[in-house]
Amino acid sequence: MARYSVLKHCLPSNSPRNDHLDLLIECDDVLATWEIQHWPPLPCQAATRLPDHRLLYLDYEGPVNGRGNVTQVCTGTFETHTQEPNAWALKMKGRTFHGVIHLRRESGDVPPSRWVLSAESLPSETD
């Protein structure tokens with residue numbers, strides 16, 4: 001099964017960006033990455049598609065080359081239900097979330113990096 005990780009990315013005080021979470025999805029030899037604000041995921045929230053990250057970030061915690069520090073919030077495995085250029089659906093099982101997330105690129109006259117993440121929790125298999 002493929003893996004995912006959610007990292008809390010704390011940026012330096014002089015950064016123009018705010019602290020956030022990085023959702024990292026194993027996809028062949030890279031990590032498809034979205035910036036999000038909440039984990040466990042909200043039923044619906046904004047997501048920003050970032051450049052793919054290296055696989056080492058699945059297990060990494062620590063400094064990020066002058067761009068702050070990352071710490072793990074959640075790790076787990078997932079099954080792909082849909083993986084298209086503008087829509088992904090993943091069944092995820094991890095320490096803090098068991099459910100399905102949908103990532104959809106916003107349509108219309110918006111930057112291609114603007115996505116929406118929607119989530120549905122599922123009962124854990126031990127419930």
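The values are calculated or read from the model by the stated rules, or taken from the named source; none is laboratory data. Since the structure is predicted, the reported quantities are computational estimates derived from the model, not experimental observations. All Cβ positions, even for glycine, are placed from backbone atoms using ideal geometry, and neighbour counts span all protein chains on display.
The figures follow:
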{"quantity": "Considering residues of region 36-72 that are charged (D, E, K, R) and part of a strand (DSSP E or B) only, the residue nearest to residue 107 (Cα to Cα)", "calculated": "49"}
{"quantity": "Odd one out for residue 69 among (1) touching a His at 6+ places or on another chain (Cβ under 9 Å); (2) buried (at least 16 other Cβ atoms within 10 Å of the Cβ); (3) not hydroxyl-bearing (Ser, Thr, Tyr)", "calculated": "(2)"}
{"quantity": "Region 73-84 - residue that is in contact (Cβ under 8 Å) with a residue 12 or more places away in the chain and either not in a strand (DSSP E or B) or not polar (S, T, N, Q) (or both) and, of those, farthest from residue 2 (Cα to Cα)", "calculated": "73"}
{"quantity": "Among residues of region 41-66, those that are in contact with a strand residue (DSSP E or B) (Cβ under 8 Å, 6 or more places away or on another chain) and over 14 Å from residue 24 (Cα atoms), counted", "calculated": "8"}
{"quantity": "Some residue of region 54-62 being under 19 Å from residue 118 (Cα atoms), modelled with pLDDT of 95 or more and not hydroxyl-bearing (Ser, Thr, Tyr)", "calculated": "no"}
{"quantity": "Subset of region 19-35 [part of a strand (DSSP E or B) and under 20 Å from residue 79 (Cβ atoms)]", "calculated": "23, 24, 25, 26, 27, 30, 31, 32, 33, 34"}
{"quantity": "Leading residue by the ranking (farthest from residue 74 (Cα to Cα)) among those in region 91-127 that are among the polar types (S, T, N, Q) and surrounded by 12 or more Cβ atoms within 10 Å (Cβ to Cβ)", "calculated": "113"}
{"quantity": "Matching option when the condition is under 27 Å from residue 124 (Cα atoms), basic (Lys, Arg) and free of Cβ contacts under 8 Å to residues at least 24 places away in the same chain, among 17, 95", "calculated": "95"}
